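Peer 1: Let me begin by handing over the structure; questions about it come next.
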Amino acid sequence: GTIVQVRRDDVAVPADASDKHEERRLLNAALDRADLHLRALADSLAEQTDAGHAGIVAAHAEFLSDPELLDLATSAIDAGRSAPFAWRAAYEAYADRLAGLPNPVLASRAADVRDAGLRVLRELTGHRMGRQDLPLGAILVAEDLTPSDAASLDRTRVAGFATTKGGSSSHVAMLARSLDIPAIAGIDPRVLDLPEGTPAILDGFRGVVRIDPSPDERVRVTERRRRLAERRERELAEAFEPALTTDGRRVGVVANIGSPQDARDATAHGADGVGLLRSEFLFFGRPTAPGEDEQAALYAEVARTLDPGQPLVIRTLDVGGDKRLPYLPMPREENPSLGERGIRVGLARPEILRTQVRAILRAASAGAWLRMMFPMIATLRDFRRARELVEAERRSLGVPRVPIGIMVEVPSVALLADRFAEEADFFSIGTNDLTQYTLAMDRGHPKLAPQVDGLDPAVLRLIADAVRAAHERDRWVGICGGLGADPQAVPVLVGLGVDELSVTVPTVPAVKSQVRELSFGQCQELAQRALRCDAAEGVRRLIPAKEM
Ligand code: PEP
Ligand code: MG
C-alpha cells in the first residue's frame, strides 16, 4: 500500500462577526446537521458491526447538547466572535479541561469531544473531511483517528490504519477489527513525517509498518494476502457444517449480533445461531426507546432469520458504564462500571425492563430457540428479582416459559456458580467484563490495555469453576466475550469444556475451522496446564500464535 497522512488541519475561520443573532442561528443549524449526521452514522454502524461502536458515535452526538459546552460557545458569540471561532474555542477549552482530569476514562473523552467538535466546525465552514481521493491500498497514518473518521472512510480503498496514539482496545482499534481492517496503534511518531505516497506495508500480525519494502518483502506480503484470502474462502465454504473436534466433540459456534441485518450476515457466515443479541444496539441512535410492539417485531425478525432449532439468546438492555442512551438520563457516577449498569438499570426502572421482557416473550413463538439473558448479574438477589419480573409478565401474557440465563461477567457469579446454576438455565461468560472486574483494570484504559488479557489464569480459573458448576447441573455454558474468537484462547476454552463460542460475525468461519483441527483430549490437558500458569504470558507461550 501507500502512506496517506490524515492531518487534523486547522480550518481558517474569521474571528469576529457583527450579527450575534445570525451567528447563533448558524451555530444551531450546524449543531443540528452534525447531530443528524452522527445519528445516521450510528445507525449504519449498528448495521455493519456487531459491537458497541454505534454507541460511541451516539455518545458523540450527546456531547453536542452538553449545556456547559453550549454555554461557552454562546457567551463567546455574544461577546462578538464568529460562530466558528466561538465554537472552536469552546470545544477546545472543554476538551483541554477533560484531558487534564486525573480520571483516565474522563480524560479519554477529550478526544471524543474534539471529534464531535470538529464535525460541527466543518458544518459551519462547509469544509468537509472524508478524503474521497484515497488511492487503492491506502495506509492511513495519523496521530489519532476517531471512530467517526474511521467509519466514514471508503473501506474498499483502505488497507489499514496506523496511529501513533491509542492502544489495541481503543474504540477505533475495535471498530477497525469489526470492519475487518487491520489497525496498529502506538507506532513510532516519525511516520507522521513520511511523504504521502511512500510505499509501505502494514503488518498487522507483528504490529509494525514497514517503509519502502524491498521487492522481496512485497512479494511475501502479496503471497501472504493471497493465502489469507484463499483460507477465508475455504473456511467460508465449510462454515455451514457443524464444528466437531477431531475426537468428535461438538462446539457450537454462534454469533454476537446487534441488529436484524447482523442476523442475516451471521446466517450467511454459517453461524449455528446467535449466542448474544446485544439488545441495546436496537436502542441506540434514536430519539426514544422502541416500544413493546416494535421490539417484539425486531426480535421476531431476528428469530425468523435463524433456523427453527437454532439458539437465539436475547440479552436484556445493557446500558450504564460506558454505554449511554440520550433519552435515559442517568446521574453522573464516579465509577460508572461499578455503578448502575446492566440489570441494575432494569431493576431500578422496571417499566423499561418489563416492556422489553414482554416483547421477548411475545417473539418466542416466531421460530428459533429463543432464550432470555440478563447482563451484569452480581447477586442472587438481583437474578431472582429479574426472574420474578419475567414470570409475572409471562403469566399476564399467558405464554410458555423461555429458558432464562445469566451473563457471568462479575467474579462473584463465578465464585457462587454452584448456587447460580441451581436457579439459572444457562450461563454465558462475558470475558470482556469478567477480565476487567477480576483484574480491576478498566477494559478501555489506554495504558492498562495490554495487560487486560482474558487468558490470565485468574480469569481462566473463574471460567473453569463456572463451567464445572453448570455441567454438574446439566446447564449449558457459552463464551460471548472477545476471548472466544482469539485463536490462542480457543483451544483453552474448548479444553475447559465450554459448549459454545459466540463470536463476531466475520470470525465465525475461522473459529469453526480452528475447532475442527483440535483434539478435545489434548485441549483438556492444555487447559489444565493453563490453569497452573502464573500469568497470561505463560498461557500464551503454551499456544504459539500461528502466522499465515
Ligand atoms: C462481555 O462483557 O464480555 C460481553 C460480552 O458484554 P459487553 O462486551 O457487551 O459488555
Ligand atoms: Mg459485558
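Peer 1: Those residues that are under 23 Å from GLY55 (Cα atoms) and hydroxyl-bearing (Ser, Thr, Tyr), I need them from the stretch 67-117; list them, please.
Peer 2: TYR91, TYR94, SER108
Peer 1: With the structure loaded, tell me whether ALA510 is closer than 22 Å to GLU235 by Cβ, in contact with a helix residue (DSSP H, G or I) (Cβ under 6 Å, 6 or more places away or on another chain) and assigned to a helix (DSSP H, G or I) or whether it fails that test. Steps first, please.
Peer 2: Values: closer than 22 Å to GLU235 by Cβ: yes; in contact with a helix residue (DSSP H, G or I) (Cβ under 6 Å, 6 or more places away or on another chain): yes; assigned to a helix (DSSP H, G or I): yes.
The answer is yes for ALA510.
Peer 1: Filter the stretch 394-421 for residues that are under 22 Å from LEU460 (Cα atoms), more than 10 Å from ligand 2 (Cβ to nearest atom) and not β-branched (Val, Ile, Thr) and give the result.
Peer 2: Within the stretch 394-421, GLY405, PRO411, SER412, ALA414, LEU415, LEU416, ALA417, ASP418, ARG419, PHE420, ALA421 meet the criteria.
Peer 1: Please work out which one of (1) assigned to a loop (DSSP other than H, G, I, E, B); (2) β-branched (Val, Ile, Thr); (3) at pLDDT 95 or above is the condition THR288 fails and give its number.
Peer 2: Unmet condition: (3).
Peer 1: GLY275 - would you say it is under 20 Å from ALA510 (Cα atoms), at pLDDT 95 or above and within 16 Å of ligand 2 (Cβ to nearest atom)?
Peer 2: Details: under 20 Å from ALA510 (Cα atoms): yes; at pLDDT 95 or above: yes; within 16 Å of ligand 2 (Cβ to nearest atom): yes.
The answer is yes for GLY275.
Peer 1: Search the stretch 189-205 for residues that are under 19 Å from THR222 (Cβ atoms) and pair each with any residue that is assigned to a helix (DSSP H, G or I) and at pLDDT below 85 when their beta-carbon atoms are under 6 Å apart and the residues are at least 6 apart or on different chains.
Peer 2: Sorted first by the residue in the stretch 189-205, then by its partner, the pairs are ILE201/VAL221.
Peer 1: Here is a follow-up. Cβ-Cβ under 6 Å, sequence separation 6+ or interchain: first residue in the stretch 394-407 and more than 13 Å from ARG475 (Cα to Cα), partner within 16 Å of ligand 2 (Cβ to nearest atom) and assigned to a loop (DSSP other than H, G, I, E, B). Which pairs?
Peer 2: Here the result reads MET407/PRO375; MET407/GLY430, each pair linking the stretch 394-407 to a residue that is within 16 Å of ligand 2 (Cβ to nearest atom) and assigned to a loop (DSSP other than H, G, I, E, B).
Peer 1: Would you point out which residue out of PRO450, PRO487, PRO457, PRO506 is out of contact with any strand residue (DSSP E or B) (no Cβ under 9 Å at 6 or more places or on another chain) and closer than 21 Å to ASP247 by Cα? Give the steps one after another, and end with the answer.
Peer 2: Details: PRO450 fails: closer than 21 Å to ASP247 by Cα; PRO457 fails: closer than 21 Å to ASP247 by Cα; PRO506 fails: closer than 21 Å to ASP247 by Cα.
Checking each option against the conditions leaves just PRO487.
Peer 1: Something else: So PHE420 ticks every box in (1) touching a strand residue (DSSP E or B) at 6+ places or on another chain (Cβ under 8 Å); (2) within 25 Å of PRO290 (Cβ to Cβ); (3) of a type in the set (A, V, I, L, M, F, W, C) but one. Which box is left unticked?
Peer 2: For PHE420, the failing item is (2).
Peer 1: A follow-up question, please. Filter the stretch 292-326 down to residues that are surrounded by fewer than 24 Cβ atoms within 10 Å (Cβ to Cβ), basic (Lys, Arg) and within 16 Å of ligand 1 (Cβ to nearest atom), then give me how many there are.
Peer 2: Final tally of qualifying residues: 2.
Peer 1: Go through the stretch 41-138 and tell me which helices (runs of 4 or more DSSP H), entirely inside it, have 2 or more residues that are more than 25 Å from the chain's Cα centre (by Cα) and at pLDDT 75 or above.
Peer 2: Fully inside the stretch 41-138 and qualifying: 67-78, 83-99, 104-125.
The values are calculated or read from the model by the stated rules, or taken from the named source; none is laboratory data. Because the structure is predicted, anything quoted here is derived from the model rather than measured. Positions of Cβ are backbone-derived with ideal geometry, glycine not excepted, and every protein chain shown enters the neighbour counts.
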